[in-house]
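The values are calculated or read from the model by the stated rules, or taken from the named source; none is laboratory data. Please read these numbers as outputs of a predicted model, since none were measured by experiment. Counting neighbours? That spans all protein chains shown, and the Cβs are built from the backbone with ideal geometry, glycine included. Areas reflect the complete protein model, heavy atoms only, side chains present, ligands, DNA and RNA absent. Shrake-Rupley method; radii C 1.70, N 1.55, O 1.52, S 1.80 Å.
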Amino acid sequence: MTTTIFESPLGLIRIAGDENGVSVISCLDVPAQETQPVDSLAGPVQEAVRQLQEYFKGERQTFDFLMNPAGTDFQQTVWKALLEVPFGTTLSYLALSRRMGDEKAIRAVAAANGRNPLWIVVPCHRIIGSDGSLTGYAGGLWRKKWLLEHEGAFARSSQLSLF
């Protein structure tokens, strides 16, 4: 397993993975453990760093490096559904549950969303409360707000509400 950490507008980003794909992307609030330097990386972890750096510069809206998050079949299904929420948009937990075919599964969908190990890339930050509130984000609500502002989600939401 290769692990690296790089600086971003959200603080330190930790990426871990191997030749089968990236398994973890998260933000750190504490100093990093020993990691492999970014410039010595290869494979999916190196590609993830490159694509995230492009995202933070405003040059990328989607990610296509090899991903390999560990999770239950249900969690994997929810994470795949998150990948279908477009850049710069938001969706409520209820709407996501409905898209998945069972609005009564809202709590299970929210729990799987909260266990997403590939922050930013699998865009759990785009899922908000039905009332538009920024509910829950393992990296902190300030990071969720930053990501949505970076993607222009608030501007699009307010433009839509004018019509």
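Taking the listed residues 114, 140, 129, the one that is at pLDDT below 95 and on the phi > 0 side of the Ramachandran plot is 140, with no other qualifying.
Taking the criterion of being in contact (Cβ under 8 Å) with a residue 40 or more places away in the chain and touching a Lys or Arg at 6+ places or on another chain (Cβ under 7 Å), the residues of segment 89-128 that qualify are 89, 90. How many residues are under 24 Å from residue 73 (Cα atoms) and either in contact with a Lys or Arg (Cβ under 9 Å, 6 or more places away or on another chain) or open to solvent by 10 Å² or more (accessible area, probe 1.4 Å) (or both) if we restrict to segment 130-143? Total meeting the criteria: 3. Out of all the residues in segment 77-94, which are surrounded by fewer than 17 Cβ atoms within 10 Å (Cβ to Cβ) and in a helix (DSSP H, G or I)? Passing the criteria: 77, 80, 94.
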